[in-house]
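**Student:** Let me give you the structure first, and then I'll get to my questions.
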Amino acid sequence: MSAVGPMVKTGLAFAASGLLTYFVGDSLLRRRQALLHDDSHLRERVRKRVAELVSYPDAIDVQVEGHLIRVSGRVLATELDGLLSQLTQVPRVYRVYNTLVPVKDASGLRQRAAA
């Protein structure tokens, strides 16, 4: 009977480990899916704010990862500072990475927006 006891304990430990892995893995998967869903909502919120603030919003690309925003593309030089300061005020945005190229006139922006 003493030989059966350790085997039963080992089997129970293995089963418990499997259940724990299942529940923790499922929880992490749900959290990942929630974050991806949250990223898409945050991206749309930032895109709407960009459209309110600049003359050519289609010339700007917005990427979201977590609560970090990366804006790239081209923007009028006169609109750049206002855009960046306002994007940091969007709820749930923790940091804005700016890779925008400021331009003096809108000729290049019109072409990209039309494309």
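**Student:** Pairs please, first residue from the stretch 86-102 and surrounded by 13 or more Cβ atoms within 10 Å (Cβ to Cβ), second anywhere and part of a loop (DSSP other than H, G, I, E, B), Cβ atoms under 8 Å, 6+ apart in sequence or on different chains.
**Tutor:** Taking only residues 6 or more apart or on different chains, the pairs are Leu87/Val93; Arg92/His67; Val93/His67; Val96/Thr88.
**Student:** Can you tell me how many residues in the stretch 49-73 are on the phi < 0 side of the Ramachandran plot and surrounded by fewer than 18 Cβ atoms within 10 Å (Cβ to Cβ)?
**Tutor:** Of the residues in the stretch 49-73, 12 are on the phi < 0 side of the Ramachandran plot and surrounded by fewer than 18 Cβ atoms within 10 Å (Cβ to Cβ).
**Student:** For Leu109, work out the one condition from (1) assigned to a helix (DSSP H, G or I); (2) modelled with pLDDT of 95 or more it doesn't fulfil.
**Tutor:** (2)
**Student:** Do we find that Ser72 is more than 21 Å from the chain's Cα centre (by Cα) and either at pLDDT 95 or above or not in a helix (DSSP H, G or I) (or both) in this structure?
**Tutor:** no
**Student:** With respect to Gln89, is the statement that it is at pLDDT below 85 and polar (S, T, N, Q) true?
**Tutor:** Answer is no for this residue.
**Student:** On to the next question. Under the condition of being of a type outside the set (D, E, K, R) and touching a strand residue (DSSP E or B) at 6+ places or on another chain (Cβ under 7 Å), which residue from the stretch 74-85 is surrounded by the most Cβ atoms within 10 Å (Cβ to Cβ)?
**Tutor:** Selected residue: Val75.
The values are calculated or read from the model by the stated rules, or taken from the named source; none is laboratory data. Every value quoted in this text rests on a predicted model; they were computed, and no experiment measured them. Neighbour counts run over all protein chains shown; Cβ positions are idealised from the backbone, glycine included.
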